[in-house]
Amino acid sequence: MNRILLVERIHQAGEAMLAQKAELVYPQPQNLEGILAAIGDCNALVVRNTKITRQIMEAAPKLAVIGRHGVGYDTVDIAAAADLGIPIVYTPAANTESVVEISIGFIICLGRKIVEAHASMQSEELLSDTVTMAIMTRQKGLINADLWGKTLGVVGVGRIGSAVSSRMNAAFNMRVLGYDPYVDAEKLVGYGVQKMDRLEEMLPRCDFVAVHCSGSAETRHLINARTLALMKPGAYLINTARGTIVDEAALIEALQRKQIAGAAVDVYDPEPPRPGNPLLHMENVIVTPHFCAMTEESLYNMATMVAQGVLDVLEGRRPQYPVNP
């Protein structure tokens, strides 16, 4: 019987699928030491966010497939897997809806200052016996603007970026500009998106910039001090993709200097963020714990899709979503 190492627990539906066909192994402790101790005779590995390095792969001579529970595969050393002839499967379509909804929610919350208004009410600083809440709201800087007719810039117009684009256009009559070198203008028009050939041309026009490209060497620090300086002072940045795409130090400086109005961040570099990271304590920043895909539906989809992909390889079938076919 095959042995499958589950580096992190996944939805019980996915684990049940694997358990019907293989023996499941869990590392103890859940770190490099535990993985190396457990992987020696495993035929497959399923991973969520832990880095899977060449060292881990070389410690598993029977390893026939790596399953990545998620829409990206930047946590796996793809080059090492190719050298060793180990196929990788992943779940690119599993959590599209969940991430789209959070991205749209971030845009609404940032533009309408909902989180800041909520915090001000909870602290009771808007309550006064002599001044109305309307005046206190203005004094607190909570006057905001309608989303209707504003301009959204989308970096990476794939499954998620295209869905965010079409919905913001339909719901708020937003003009949507898209930067994606791998999608042609004709296809973008179908999403209601105007193609921009250069990021530098798009950023100065946007009231909101949503990052939805994949994390890679090509996109590392695509949003940096130079590109942040091109954004409007009243613009907002949303990153639900990968922490490495945004130069975090540059973003912090841009926020502190009020080069941009605010940001919403679900991903970090490194991840988790270090204690004391200024992003965690800024009034004009919404921070969440990489939880866009943490819905019951997405967790079920990712678990069952990665389980099916791993079983397909082990049983000699072509998987639906191979990274390195």
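Below, the figures for the structure above:
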{"quantity": "Qualifying positions in region 243-258 - touching a residue at least 12 places away in the same chain (Cβ under 8 Å) and out of contact with any Asp or Glu (no Cβ under 8 Å at 6 or more places or on another chain)", "calculated": "I245, D247, A250, L251, I252, E253, A254, L255, Q256, K258"}
{"quantity": "Enumeration of residues in region 1-34 that are closer than 18 Å to G70 by Cβ, open to solvent by less than 30 Å² (accessible area, probe 1.4 Å) and either hydroxyl-bearing (S, T, Y) or touching a Leu at 6+ places or on another chain (Cβ under 7 Å) (or both)", "calculated": "I4, L5, L6, V7, E15, L18"}
{"quantity": "Subset of region 1-57 [hydroxyl-bearing (S, T, Y) and farther than 17 Å from V89 by Cβ]", "calculated": "Y26, T53"}
{"quantity": "Cβ-Cβ under 9 Å pairs, at least 6 apart or on other chains, region 143-156 side within 16 Å of K232 (Cα to Cα), far side modelled with pLDDT under 95 and exposed (fewer than 14 other Cβ atoms within 10 Å of the Cβ)", "calculated": "none"}
{"quantity": "Wholly within region 1-88, helices (runs of 4 or more DSSP H) carrying at least 1 residues that are closer than 22 Å to T304 by Cα, free of Cβ contacts under 8 Å to residues at least 12 places away in the same chain and out of contact with any Cys (no Cβ under 8 Å at 6 or more places or on another chain)", "calculated": "12-19"}
{"quantity": "Test: S216 is surrounded by fewer than 24 Cβ atoms within 10 Å (Cβ to Cβ) and within 24 Å of G243 (Cα to Cα)", "calculated": "yes"}
{"quantity": "Pairs where the first residue, in region 106-125, is at positive phi and the second is open to solvent by less than 50 Å² (accessible area, probe 1.4 Å), C-beta under 9 Å, 6+ apart", "calculated": "K113/G141; K113/L142; K113/G262; K113/N284"}
{"quantity": "Neighbours by Cβ (under 9 Å, 6+ apart or cross-chain): first from region 281-296, surrounded by 14 or more Cβ atoms within 10 Å (Cβ to Cβ); second among the aromatic types (F, W, Y)", "calculated": "N284/Y236; I286/F106; V287/Y268; T288/F106; H290/Y268"}
{"quantity": "Scope region 219-242; condition crowded, with 23+ Cβ neighbours inside 10 Å, without any contact (Cβ under 8 Å) to a residue 40 or more places away in the chain and polar (S, T, N, Q); matching residues", "calculated": "N239"}
{"quantity": "Wholly enclosed strands (runs of 3 or more DSSP E) of region 94-207 bearing at least 2 residues open to solvent by less than 40 Å² (accessible area, probe 1.4 Å)", "calculated": "151-155, 175-179"}
{"quantity": "Residues that are surrounded by fewer than 19 Cβ atoms within 10 Å (Cβ to Cβ), modelled with pLDDT of 95 or more and not charged (D, E, K, R), drawn from region 35-54", "calculated": "L36, A37, G40, T53"}
{"quantity": "Count of region 55-75 residues which are surrounded by 16 or more Cβ atoms within 10 Å (Cβ to Cβ) and at pLDDT 95 or above", "calculated": "11"}
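The values are calculated or read from the model by the stated rules, or taken from the named source; none is laboratory data. Quick caveat, the model's predicted, so the values are computed rather than measured. Because the Cβ atoms are built from the backbone with ideal geometry, glycine has one as well, and the counts that use them run over all protein chains shown. What goes into the accessible areas is simple: the full protein's heavy atoms, side chains included, and nothing from ligands, DNA or RNA. Shrake-Rupley method; radii C 1.70, N 1.55, O 1.52, S 1.80 Å.
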